[in-house]
């Protein structure tokens with residue numbers, strides 16, 4: 001990491017840390033069934049993930065071009081915040097991967113040690129796919145049934161846009177005949193509703 | 001129907017995970033409204049980052065020290081026990097090009113006559129480490 005990037009990381013923590021934490025928290029809730037007051041795999045929290053990613057960039061200074069465990073480097077050609085978010089995503093994924101049983105298999109006997117270990121497929125099993133479909137159904141239904149959605153035609157229209165695969169702000173602006181700022185505000189409201197629905201399901 | 005729900009949730013993920021419309025200040029404000037102690041969070045991450053940075057600097061300093069001790073004596077020999085005149089002689093020789101252009105450049109703008117014997121040794125060790133690099 002170049003010195004100026006390191007300094008940027010140190011001097012802009014006030015801006016970067018909340019953005020990283022928000023992303024870690026969203027991913028943890030959405031992808032890893034996390035909710036406030038609980039821990040992720042290996043007892044970690046979203047805050048731990050942010051701290052570890054932050055420190056890994058600082059530790060990576062001066063080791064550019066090398067792949068060393070616990071060290072990360074910035075690519076000057078890519079967006080800074082996107083790289084930080086990508087690292088959060090990767091750290092969360094690695095956490096669940098590390099905690100999976102395949103990494104904890106220890107040979108108990110010499111015979112065990114000699115036996116080749118077969119790792120299972122990383123593809124979702126039919127049961128996992130069914131779980132994921134059930135989860136999606138539960139979230140979508142909870143969002144549609146939310147009192148704030150029921151009470152707002154604008155939010156219902158926004159949901160209809162998402163159902164029609166119209167997912168980008170610009171497209172929604174055009175489809176719903178609203179200003180960009182209005183769509184952005186509606187998306188923030190919808191975001192809070194989705195989050196509430198998922199957290200409730202994670203709790204159940 | 002279930003496939004539609006999965007696809008719909010993927011679409012809604014864009015609102016949760018990809019929305020880049022908020023400024024950092026807005027994100028901070030929203031987190032605070034959701035009950036997150038943002039000030040404490042930033043302070044804890046900054047403290048960990050600061051500690052990592054200090055450890056990094058200390059490791060770099062140790063490395064530099066090891067490098068310096070490796071190069072000690074390789075150019076000017078053992079400086080311990082050399083008198084002021086000999087030390088000055090070495091610096092003048094370095095300044096006039098006897099030890100190469102790097103040493104000459106390092107001696108530029110120096111006033112060795114004004115330095116103590118100990119400082120002369122330090123300067124020579126410094127020049128030595130520069131030449132070694």
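All of the numbers you see were taken from the coordinates with simple rules; none came from a lab. Since the model is a prediction, treat every value here as computed from it, not as a measurement. Because the Cβ atoms are built from the backbone with ideal geometry, glycine has one as well, and the counts that use them run over all protein chains shown.
The table below gives the values:
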item: Mean shadow area of the stretch B:21-71, taken as a quarter of the surface of its Cα convex hull (nm²); result: 5.0 nm²
item: Highest-MSF residue in chain B out of B:11, B:78, B:109 [GNM, Cα springs under 10 Å]; result: B:11
item: Computed FRET value (nearest 0.05) for residue A:14 with residue A:145, which takes r as the C-beta separation and R₀ as 22 Å; result: 0.05
item: Percent RCO, i.e. relative contact order, over chain B, from Cα pairs under 8 Å lying at least 6 residues apart; result: 21 percent
item: Ranked list, fewest to most other Cβ atoms within 10 Å of each Cβ, for B:119, A:22; result: B:119, A:22
item: Rg(Cα)/(2.2 N^0.38 Å) for the stretch B:76-132, N = residue count; result: 0.99
item: Principal axes of the stretch B:1-104: Cα extent on each, largest first, Å; result: 91, 32, 22
item: Relative pair counts by distance (%), Cα atoms of the stretch A:126-203, 5 Å bins; result: 3, 15, 24, 22, 17, 11, 6, 2, 0
item: Per-residue Cβ neighbour rank within 10 angstrom, fewest leading, A:166, A:139; result: A:166, A:139
item: Using alpha-carbon coordinates, inclination of helix B:2-13 to the longest axis of chain B, degrees; result: 50 degrees
item: Using alpha-carbon coordinates, inclination of helix B:84-95 to the longest axis of chain B, degrees; result: 60 degrees
item: Computed over the stretch A:126-203: relative contact order in percent, which uses C-alpha pairs under 8 Å that are six or more apart; result: 34 percent
item: Within a Gaussian network of chain B (alpha carbon springs, distance under 10 Å), most fluctuating of B:120, B:16, B:41; result: B:16
item: Which of B:9, B:82 has the fewest Cβ neighbours within 10 Å, and the rest in rising order; result: B:82, B:9
